[in-house]
1. With a cut-off of 8 Å between alpha carbons and a minimum separation of six or more residues, what is the relative contact order of the chain in percent?
2. Compute the distance from the alpha-carbon center of segment 68-106 to that of segment 21-43, in whole Å.
3. Would you calculate, for the chain, the mean residue ellipticity at 222 nm contributed by helices, counting each DSSP H stretch of 4 or more residues as -39,500 (n - 2.57) and dividing by all residues, to the nearest 500?
4. Across segment 52-112, how large is the tail of the calculated P(r) beyond 12 Å, expressed as a percent of all Cα pairs?
5. Using R₀ = 25 Å, calculate the FRET efficiency as 1/(1 + (r/R₀)^6) where r is the Cβ-Cβ separation of Asp39 and Glu265; round to 0.05.
6. Among Ala214, Ala233, Leu126, pick out the residue whose Cα is farthest towards the positive end of the charge dipole of segment 104-240, where Lys and Arg carry +1 and Asp and Glu carry -1 on C-beta, about the Cα centre.
7. Which one, Phe201, Ala72, Thr263, is farthest towards the positive end of the dipole of the chain when Lys and Arg carry +1 and Asp and Glu -1 on their Cβ?
8. With springs connecting C-alpha atoms under 10 Å apart, model the chain as a Gaussian network and identify which of Gly131, Gly95, Gly85 has the largest mean-square fluctuation.
Amino acid sequence: MSTARYAVFGHPIAHSLSPQIHAAFARLRGISLEYTAIDATPDDFSAALERFAAAGGRGCNITLPLKEAAFALCAQVSDRARRAGACNTLTRVDGHWQGDNTDGAGLVHDLTSRHGLDLRARRVLLIGAGGAARGVAPALLDAGIDELVVVNRTPERADALVDALGEPGRAHTRYWQDLRDLGDFELIVNATSAGRGPDGFSAPLSLVNSRSVAVDLNYGEAAIAFLAWARAAGCLEAVDGLGMLVEQAAEAFELWHGVRPQTDEVYAGLRNRDKTLVTAD
C-alpha cells in the first residue's frame, strides 16, 4: 500500500512546524503518511493544489496568505468554514476538495483545556480581520463570549468579517483610532502581524483590566512584541499561538484519519525547543 500524501501550503512556508507535528501524531497513532511543506504564492496556489491532487494528495493544511483563496477553491465547505469565509484544512473526496476550518476549535481547546480559561461572558477584542481572525471569530462566539469587538487597520475587512458572522447583537466593528475609547476587555486576541516590524506593538493600556488574558495567534519570535506589551500592561496571562497550532493540527488529523491524537507530548516537545518559531497563521 502506498504512503498517504499530505502537505501544508503557504508563502513563505519553510518555517512551518506542521510537517513535524503531523509526523509526531502519525508515530503516536501508528499511521504511515508523508507530509511535506509546499511554497505557493497566491497566483500559483490553484495550480499547485491541482498538481498535489494529481500526485495523489489526500489532504492539506493551508496557512498564510492562502486561507481565503482555499475557501474559494472548495466544492464543499463545512459550516464553520462557511462562517469564517476561510479554510485551513482541505480533504480530497471524489475528485474534489472539501474545506474546513480548525483554527477556532484549536484556539478554544488550547485556552480552555490547556490554560483552564472559562470564556463564557467575556468581552473580547479581536485585532485583525484576515484569515486567522476569520478562523477564530466564530468559535469564540460559540464558546459563549459576551461581546466580540473587531478592530482592523482596514475597516472594510473588519466589517466583512462581522457581517459574515451574522450576530449583530454580539459582534461589532470599531476603528483602530478609537482603541482608547473602547473600554477594557477580558480577552485580547492579536490576529495580525503587528509586532514583527521595528516599531513593535503598541496599544492603549486602558484595554486591560484585572482579568485580562492576551493571546497572540503568532508564536515564537513573531509573538514577542505583543506578549511583551501584554505583560507590561498588566495582563493576568499572556499566551502565544503554539498551543493553538498543535490543537488545530490535531483537529485536522482527526478529520483525515478518524482518530484524535494526544497533543500534550507534542506540545511539550515543541515548547522546549530552542529553535525560533514563526507564526501560527
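Since every read-out is calculated from the coordinates, none of them should be taken as a lab result. Just so we're clear, the structure is a prediction, and the values are computed from it rather than from any experiment. Don't worry about glycine lacking a Cβ; one is built from the backbone with ideal geometry, like all the others, and counts go over all protein chains shown.
1. So the answer I get is 16 percent.
2. With segment 68-106 and segment 21-43 each reduced to a Cα centre, they are spaced 18 Å.
3. Taken over the chain, the calculation gives -10500 deg cm²/dmol.
4. Beyond 12 Å sits 65 percent of the P(r) for segment 52-112.
5. Once the sixth-power term is evaluated, E becomes 0.30.
6. The listed residue farthest towards the positive side: Ala233.
7. In the chain, that residue is Thr263.
8. Top of the fluctuation ranking is Gly95.
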